[in-house]
Amino acid sequence: MIARLWSSERLRGWCLQGLLIAAVATVVGYFAVNTVGNLERRSIPFGLGFLSRPAGFDFPFHVLDWKVTDTYGRAVVVALANTVLVSVLAIATTTVLGLVLGIMRLSLNWLVRTTATLIVEFIKNTPQLIQIFFFYIAVLQALPQARESFQAAGMFLNIRGLFLPAPVMGDAAGLDALALLVAVALGSVLWRGRARVTGTARRALAAVAWLLPLGALVHAWATGMIAAWEWPELRGFNFRGGWVVRPELLALWIGLSVYTGVFIAEIVRSAINAIDRGQTEAARSLGLTRGQNMRLVILPQALRLIIPPLTSQYLNVIKSSSLGAAIAYPEVFLMIGGTTLNQTGQAIEAMAIVMSVFLSVNLVTSAGMNWYNRAVALKER
Amino acid sequence: MATVAPDLALRPSANMLGRAWRWMRVNLLGSPLNIVLTVAMLAVFWFTLAPLVRWAVIDATIAGDSKAGCTGAGACWTFIKVRFPMFFYGRYPVDERWRVDLAALLLAVFAVPAMLDKLRHRWIAVLALVAVYPVIAGILLRGGIIGLRSVETALWGGLMLNAVLTFLAVAGSLPFGILLALGRRSKFPVVRIFSICFIELWRGVPLLTALFMGMVMLPLFLPNGVTVDNLVRAAVALTLFTSAYMAEVVRGGLQAIPLGQFDGAKALGLGFWQMQALIVLPQALRIVVPNIVNTVIDLFKDTTLVVIVSLFDMLGVVNQSLKDSAWLGMAKEGYAFAALVFFVCCWSMSLYSRRLERRLGVEQPGRH
């Protein structure tokens, strides 16, 4: 009887699944009971109520407004903005760096090729955290004091960071920016539309597509979109005015870009290598130059192979931005998983917030990249 | 993808000089653009590589045993020389360091047979590596029995700690990852959903969250008064995190197995576990060994993150040494040395992985 029941595959399946649920529930339950006991002993109330209490700590650096009296809830938002800032900056630079290194590795020139290979191999095989520490402590912390700054074209680099001139917006800046945006959007629509027509119409469309944004730019300049530049000036021991890129941001930005860049270089290289050589031969026999072949034939096809692995590299950048915690860059992990957790003792809530922030940022990014992937994917007709 | 002009490639070589000149014409001076690139690269080398060599070799100091001997013009390798044992053993007692050396030697002894793919009963070697070696190494390093002095794990540090954490996490995450990969392909929805949730959760968050959960949350989860060794906490966190990545690697291998293999196994009357253990996994794991090695490389590099939760791995030792008032301003030397050590380890592993990849490429199914 029992043997017969055991040999019934469906029954066995349900038993197995039931057992799994029971096992997981037991472990989770055991942890939950212990946690409740431990929290009671430390008299920490469970829940998200702490988010509306004033935080009392300061952000050494913030893009959004922040006062010491703001709440923990606000701190999550401000920290998220810092994470997003460094991620966006790093994703932009790492893409360019990866593309350049990837193409360098395929160069006909032996010196260029070998240099790129050595760079890629060295960066790929050393820990990212050591690289970030190197940039932060060995390079940026070793820079001179404000008085002996390196300077070029009104920009200053010293131990306190990189000081850049900041534009001062004119009265009509909002309107100008809007006009610019519309012109660029319209221009790109026309540029795409030019493929449908031939002859003079095509040339006219292309010209208008370029002239629109240019006109908007001239208009912005004429109406004084940027009224003036605010130059950083040395006052006492530090610079005042202009924009400052703090060394923590700079080190994390460089660290994320360089490390991910070499992985992107490998993706780019293998995607280009994966394109059939016949494509190049056909393009060359049509009279396309090497550059045209790369730009018009190889890269558009390689792009389709590049995007899915590129997406996961972008997600890596976002996740690795948490390494900023090691060099005191105030991002989500440091401010919520570190400072907030230590101050309130709300370990579970703080970690849950950190994890859900990373999961949702990653989700948004991969959704965006998937949309782009579908847009460039081969459309079979 | 260097394309060689046919007339140059086919002409027989006259002499060494002629060959060298031809090679230069193809690889360095092939076209106007190529010449410009060569000149530009030489200029870049002049401005970057030359100062680097001057700093690291020509102006560098290694003599003496204090900072006083260093000129300041170049690197002060004296710092590395004096601190050398610290970088590898951390605060492990000096008299007992032979135990670490012996454990490292034994690792080589156990690992080499497991890496030889010509060996007849290779699985025995692999089993010995993951089951017998950890016991021996554990007794050797921790001590406390058979006359060995007990050495607290709090004293473990340096590169040895990176190696121990990597080994523990690999030994744990490989079997767990295989189970997760099988679970993700299971026909039972509950098993599948659990596996997917576990894998995607860990793959979606930074490793740092896993380490923090191990450090901060684990004590909360356990009954009051139960404490877990810091090293074990970090190892558990690394294991859970790496399992998710291992699972995806193994799944890739499982997907490459033709369906006929499953049908064949079932036709022979094998049950699920027999089929997996005897037919599917031996083939699937063989394909993914290079990817497993790559995951191990990533893990080894990532063990440096334990410095953020206050364990003194190699990076931690470097950070601490830099704060020593007798050795201020040694950051470049310290990090460069640490990076170099990791590079040697990771690069040799990646060479092994690439060699396997090439061999697998030759022995693709259907080619014999």
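Computed from the coordinates by the stated procedures, all read-outs in this text should not be read as laboratory data. If you're wondering where the values come from, they're calculated on a predicted model, not measured in any experiment. Heads up, the Cβs are rebuilt from the backbone with ideal geometry, glycines too, and the neighbour counts pull from every protein chain shown.
Overall shape of region A:1-118 was characterised from the C-alpha gyration tensor. The equivalent ellipsoid obtained from it has semi-axes of 48, 38, 11 Å, in decreasing order. Charged neighbours of A:Ile318, selected by a Cβ distance under 14 Å, balance to +1 (K, R count +1; D, E count -1).
Counting Lys +1, Arg +1, Asp -1, Glu -1, what net charge surrounds A:Val168 among other residues with beta carbon under 15 Å of its beta carbon? Here the charged neighbours net out to -3.
Of the DSSP beta bridges with both residues in the protein assembly as shown, give the percent that are antiparallel, rounding to the nearest 5. Antiparallel bridges: around 90 percent, rounded to the nearest 5. Packing here is the average count of other Cβ atoms within 10 Å per residue, and on that basis the peptides B:182-194, B:304-316, A:328-340, highest first, run A:328-340, B:304-316, B:182-194.
With the Kirkwood sum run over all distinct C-alpha pairs, chain A has a hydrodynamic radius of 25.8 Å. Of all aspartates and glutamates in the structure, the ones whose alpha carbon falls short of 18 Å from that of B:Lys67, not counting any fewer than 8 places away in one chain, are B:Asp59, B:Asp324, B:Glu333.
Going through the DSSP H helices of chain B, which span 15 Å or more along their own axis at the Cα atoms while scoring at least 1.0 as a mean Kyte-Doolittle hydropathy?
B:32-53, B:97-115, B:158-184, B:189-204
Between A:Ser8 and A:Leu214, full extension at 0.36 nm per residue minus the direct alpha carbon distance yields a gain of 66.7 nm.
How would you rank B:Thr303, A:Thr115, B:Thr239, going from fewest to most other Cβ atoms within 10 Å of each one's own Cβ? Kindly include the intermediate steps, with their values, before the conclusion.
Details: B:Thr303 28, A:Thr115 19, B:Thr239 23.
Exposure proxy ranking, most exposed first: A:Thr115, B:Thr239, B:Thr303.
Quick test of the membrane-span-like rule: which DSSP H helices of chain A reach at least 18 Å along their long axis (C-alpha atoms) with mean Kyte hydropathy at least -1.0? The answer, listed by residue number, is A:9-41, A:72-104, A:110-124, A:173-193, A:199-222, A:247-274, A:299-320, A:347-376. For region B:245-271, backbone nitrogen atoms closer than 15 Å to the point 7 Å from B:Leu278 Cα along Cα-to-C-beta are found at B:261-271. Shape analysis of region B:283-331 based on the Cα gyration tensor places the equivalent ellipsoid semi-axes at 36, 10, 5 Å, largest first.
Dipole size in debye (nearest 20) for chain B around its Cα centre, Lys and Arg Cβ +1, Asp and Glu Cβ -1? Provide the component values of the computation, followed by the final result.
Working: 33 positive and 19 negative charges, 197 e Å.
Its charge dipole is roughly 940 debye.
When A:Phe156, A:Phe150 are arranged by Cβ crowding within 10 Å, least crowded first, meaning fewest neighbours, the order is A:Phe150, A:Phe156. Taken as Cα centroids, region B:25-47 and region B:171-238 sit 51 Å apart, rounded to the nearest whole angstrom.
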